[in-house]
Amino acid sequence: MSDLTPDQRQARFIQRFMNGVPHHAALGIGYKAHGKDWAELEMPFAPQQLADPDYGIIASGAIYTLMDSAAGFAVFITRGDMSPHATLDLRVDYLRAPAPGATIVGHGECYKLTRQIAFVRGYAHDGDPANPIANIAGTFMFTARPEAATA
């Protein structure tokens, strides 16, 4: 039995996710909050996120990565474990550009789980969730652990 408190187990779970994806550090993506079936990550503005430095336009790929990670983390939270899964489909509808220099928050929600598929939705905003910069909808597929595949 673990000597960790529930808060310590939760902190370890979050840290394991954040450290397990190397491009989180490259883009400056960090943990913000979560609930029973949702998660929020944030991406403070940084020059390496820019697609066009002359105009300060953040690359759509950086926002996509934030949203893929927030939705994937919501799947982990909903399942209550770090079961491997892969993005099967993720649609991102970009609604507007973020404010210059803004921190972008990615909110992902896992609203349905089946034996093999997780269904997610969410949004990205730069300070006001009621005025999103992007909406997402997607699916994640659970994958077998390598040791389970050979057993």
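What follows is calculated from the coordinates using simple rules that are stated; it is not laboratory data. This structure is a prediction, so every number in the text was calculated from the model and none was measured. Don't worry about glycine lacking a Cβ; one is built from the backbone with ideal geometry, like all the others, and counts go over all protein chains shown.
Would you confirm, using the coordinates I've provided, whether residue 94 is without any contact (Cβ under 8 Å) to a residue 12 or more places away in the chain and surrounded by fewer than 15 Cβ atoms within 10 Å (Cβ to Cβ)? The answer is no for residue 94.
Residue count for the stretch 100-135 under the criterion of being surrounded by 14 or more Cβ atoms within 10 Å (Cβ to Cβ) and out of contact with any strand residue (DSSP E or B) (no Cβ under 7 Å at 6 or more places or on another chain): the result is 2. Return yes or no: is residue 18 closer than 20 Å to residue 129 by Cβ, surrounded by 11 or more Cβ atoms within 10 Å (Cβ to Cβ) and touching a residue at least 12 places away in the same chain (Cβ under 8 Å)? In short, no. Once the stretch 43-68 is narrowed to residues that are in contact with a helix residue (DSSP H, G or I) (Cβ under 8 Å, 6 or more places away or on another chain) and not in a helix (DSSP H, G or I), the residue that is surrounded by the fewest Cβ atoms within 10 Å (Cβ to Cβ) is 53. Evaluated against (1) exposed (fewer than 12 other Cβ atoms within 10 Å of the Cβ); (2) touching a His at 6+ places or on another chain (Cβ under 9 Å), residue 40 falls short on exactly one condition, (1). In summary, residue 71 fulfils each of the numbered conditions (1) farther than 15 Å from residue 101 by Cα; (2) among the small types (Gly, Ala, Ser); (3) surrounded by fewer than 14 Cβ atoms within 10 Å (Cβ to Cβ) with the single exception of condition (3).
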